[in-house]
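A.B. asks: Structure provided below as C-alpha cells; questions to follow.
Bear in mind these aren't lab numbers, they're just calculated from the coordinates by the rules spelled out. Since this is a predicted model, take the numbers as computed values, not measurements. Cβ coordinates were reconstructed from backbone atoms using ideal geometry, including for glycine residues, and neighbour counts include every protein chain displayed.
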Amino acid sequence: MAFDVHHAVTDKIIATMEAGEAGQWTCPWHRTGGGLPRNALTGKAYRGINTLSLWVGAQAAGYSDDRWATYKQWAELGTQVKRGERSTLVVFFKEYEAADGEDRKRFVARASYAFNASQVEGAPEAGEPHPASEWTIPDVFDGFVQRTGARITHGGDAAFYQPSEDRIVLPRRERFATSQGYASTAAHELVHWSGAKGRLDRDLTGRFKTQAYAAEELIAELGSAFLLAEMGLEAEPHPTHASYLASWLKLLRSDPKAIFTAASAASRAAGFLTSLQAEMAEAA
C-alpha cells in the first residue's frame, strides 16, 4: 500500500492517546518549560501539524532541545546527523496546477523527515532553555489577554465561552492549583472565543458533522498550547481534558485528516489572537 502521510502522523498521535486510556498518557502538547519547535537553519517556528508531530517525537525520545532540521539542512549548518538516528516525520504541502486547466492551485501533503539537535554531532550551542515554570501569572500573559479585547468575567466553578453573551467565564485565579493551569484554561477559552462569528467564523459542522464538538475542543486544547509555547510558558490540560480523550480517539481513528484540520485551525486561532496584539498596540 502506498505511503499515506496523513495516516502516518495520525497513527503516532493515536498511539500516545491509547497509552492514555491505560492511565499512562502525558499529553505531548503539555510540555515542561514551553517552547515551539523551530527549524535550526531558518529559525522559523514549525506550525500546525508539524508542531504537534515534533512534540510527539520529542516526548517519545526524551528530547529537550526545540531545534529540528532535515538531514540536508543540518549538513548546510556544517554538522552531521549521528549514525543510526531515526527521523521524525514532518509535512510540507507541494503545489500543483489543477488537472482540469482551471486557474487554481492544488496542495498535496508530502512527507519530509527531521532530526532533533540532540541527534546531531557538532550542533551549535542552544540558547538559554525555557526554565520549568514556577511563575505567578506574568505580565506577558496578562497583557496578551487584555489586548485581545475579549470580555472575561470571573466567578463560579466552571470555565467556558458563552456565545450568547460573547464572553468568557473563568473561576477566580485562586481556585486553580497552579498559575499555569489558570493561563492554560484562559488561553483555551480564548481559542473558543476566536472562532465566533465576526472573527474566524469557525463552523466545524460541515467538516466533522456529529463530531464537531470534539473537534472544537481539540482545536482549543492545541491552540492553548501553541499560544503558551510562543510565550515560553507551560501548558496544562484543561480541567475537562480527560473526558475528551475517548472522543478524540474516536475522531482520529475515523478520520486520518482530522488532526491536520484541527492543528491548522489551532494555528490559525493562535495567529489571530496574536495579530490582535499589534492592532491594540497601534490603537493605543
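A.B. asks: Note the full-extension length gain between Lys209 and Val108 as 0.36 nm times their separation in residues minus their Cα-Cα distance, in nm to one decimal. Let's see the in-between values first.
C.D. replies: Details: separation 101, 0.36 × 101 = 36.36 nm, distance 2.38 nm.
Extending this stretch completely gives an extra 34.0 nm.
A.B. asks: Determine the sum of side-chain charges near Ile49: Lys and Arg each +1, Asp and Glu each -1, restricted to other residues whose C-beta is under 14 angstrom from that of Ile49. Each step should come with its number before you reach the end.
C.D. replies: On the way: positive: Lys12, Arg47, Arg110, Lys257, Arg268; negative: Asp4, Asp11, Asp255.
In short, +2.
A.B. asks: Residue separation times 0.36 nm, minus the C-alpha to C-alpha distance between Asp4 and Tyr71: what's the value? Present the calculation step by step, with values, prior to reporting the outcome.
C.D. replies: Values: separation 67, 0.36 × 67 = 24.12 nm, distance 2.14 nm.
So the extension gain works out to 22.0 nm.
A.B. asks: Of the listed pairs Lys44/Lys257; Lys44/Lys94; Lys94/Lys197; Lys72/Lys94; Lys12/Lys257; Lys72/Lys257, which have alpha-carbon separations greater than 22 Å here? Write down the numbers at each step before the final one.
C.D. replies: On the way: Lys44/Lys257 24 Å; Lys44/Lys94 19 Å; Lys94/Lys197 31 Å; Lys72/Lys94 18 Å; Lys12/Lys257 13 Å; Lys72/Lys257 28 Å.
Lys44/Lys257; Lys94/Lys197; Lys72/Lys257, as the Cα separations exceed 22 Å there.
A.B. asks: What is the calculated FRET efficiency for Ser275 to Arg86, with r their C-beta to C-beta distance and R₀ = 25 Å, to the nearest 0.05? The partial results should precede the final answer.
C.D. replies: On the way: r = 37 Å, r/R0 = 1.48.
The calculated FRET efficiency here is 0.10.
A.B. asks: Further, regarding this structure: Using a simple spin-label model with points 7 Å from Cα along the Cα→Cβ vector, what separation in nm is obtained for Glu174 and Thr42?
C.D. replies: 4.8 nm
A.B. asks: FRET efficiency for Ala19 and Ser243, Cβ-Cβ distance as r, R0 = 22 Å, nearest 0.05? Present the calculation step by step, with values, prior to reporting the outcome.
C.D. replies: Values: r = 17 Å, r/R0 = 0.79.
Approximately 0.80, to the nearest 0.05.
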